[in-house]
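Here the structure is laid out as structure tokens; the discussion comes afterwards.
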Amino acid sequence: MSIAENLKKIATSIPKHVTLVAVSKTKPNEDLLEAYKAGQRIFGENKVQEMTKKWEALPNDIEWHMIGHLQRNKVKYMAEFVSLIHGVDSFRLLKEIDKQGAKHNRVISCLLQMHIAEEDTKFGLDKEELHAIVNSDDFKTMQNIEIKGLMGMATLTNNEDQIRKEFKSLKTIYHNLEKTLPNLDTLSMGMSGDFKIAIKEGSTMVRIGSSIFGSRNYS
Ligand SMILES: *Cc1c(COP(=O)(O)O)cnc(C)c1O
């Protein structure tokens, strides 16, 4: 099937309240344009340099989401245009985003990434770190970031019960966070292999790559 057909199939299988991020990392501009022509406007990338090049080359009504692990020294390259940063996993990173947001006179939307998987290779905050960030005095004074919600990745496993359990735990953390931050609207969970479970467990944003663009070849 073509990219446009894949996209249509997925778009019709997810409910209206769930936002689809088309994860285009490693894919050439032509592939993104094909998705764009089929109506897709939100793309997710995991490397700042690659995302910046694509932003320069592609239509300017595309919303660019940074979904990967992010180094602080890279924030400045995308601060001007990024629409949502999914992987904020430290206070130092959040402070840098705030600083770069101020330089560009804008408020940058962010998701805090939680560690919910069993593997310890996946990045993310634990509950104590989350609590420490959102209750700190520094956090309350930040003017150029806005926390929209949480992001998490489940363990890469065929065990659906485990995936479900991990997404449930993220949803619970999200609910609790709403007591401190009442304006949250985004729970980013679910990829090609597990987005149906994620949606059942309350996801409002899915990040789907290979089911749209085909498998990735890393060189
Ligand atoms: C690559 C990636 C995805 C998309 O993965 P697929 O399995 O290709 O859908 C989603 N989220 C993050 C954080 C990723 O790095």
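None of the figures in this text is laboratory data; all of them are computed from the coordinates on show. Please read these numbers as outputs of a predicted model, since none were measured by experiment. Here the Cβ positions follow ideal geometry from the backbone for every residue, glycine too, while neighbour counts run over all protein chains shown.
For the reader, a short list of remarks on this structure follows.
- Number of positions in the stretch 194-217 that are under 21 Å from ILE116 (Cα atoms) and crowded, with 16+ Cβ neighbours inside 10 Å: 14
- Flag: ALA154 matches the condition of being among the aliphatic types (A, V, I, L, M), within 26 Å of GLU50 (Cα to Cα), part of a loop (DSSP other than H, G, I, E, B) and within 12 Å of the ligand (Cβ to nearest atom).
- Just one residue in the set GLY149, GLY214 is within 15 Å of the chain's Cα centre (by Cα) and not hydroxyl-bearing (Ser, Thr, Tyr); that residue is GLY149.
- Yes/no for ARG216 being touching a residue at least 60 places away in the same chain (Cβ under 8 Å), within 14 Å of the ligand (Cβ to nearest atom) and either outside any loop (DSSP other than H, G, I, E, B) or over 25 Å from SER2 (Cα atoms) (or both): no
- Residues in the stretch 1-27 that are part of a loop (DSSP other than H, G, I, E, B) and within 16 Å of the ligand (Cβ to nearest atom): MET1, ILE14, VAL18, SER24, LYS25, THR26, LYS27.
- Within the stretch 179-197, restricting attention to residues that are in contact (Cβ under 8 Å) with a residue 40 or more places away in the chain and either touching a Cys at 6+ places or on another chain (Cβ under 8 Å) or within 11 Å of the ligand (Cβ to nearest atom) (or both), the residue that is nearest to GLU160 (Cα to Cα) is ASP194.
- Some residue of the stretch 68-81 being at positive phi and not hydroxyl-bearing (Ser, Thr, Tyr): no
- Every condition in (1) among the hydrophobic types (A, V, I, L, M, F, W, C); (2) buried (at least 16 other Cβ atoms within 10 Å of the Cβ); (3) more than 16 Å from the ligand (Cβ to nearest atom) holds for ALA57 except the one numbered (2).
- Given (1) away from the ligand (no atom under 16 Å from the Cβ); (2) more than 15 Å from the chain's Cα centre (by Cα); (3) free of Cβ contacts under 8 Å to residues at least 40 places away in the same chain; (4) exposed (fewer than 13 other Cβ atoms within 10 Å of the Cβ), number of the condition SER136 does not satisfy: (3)
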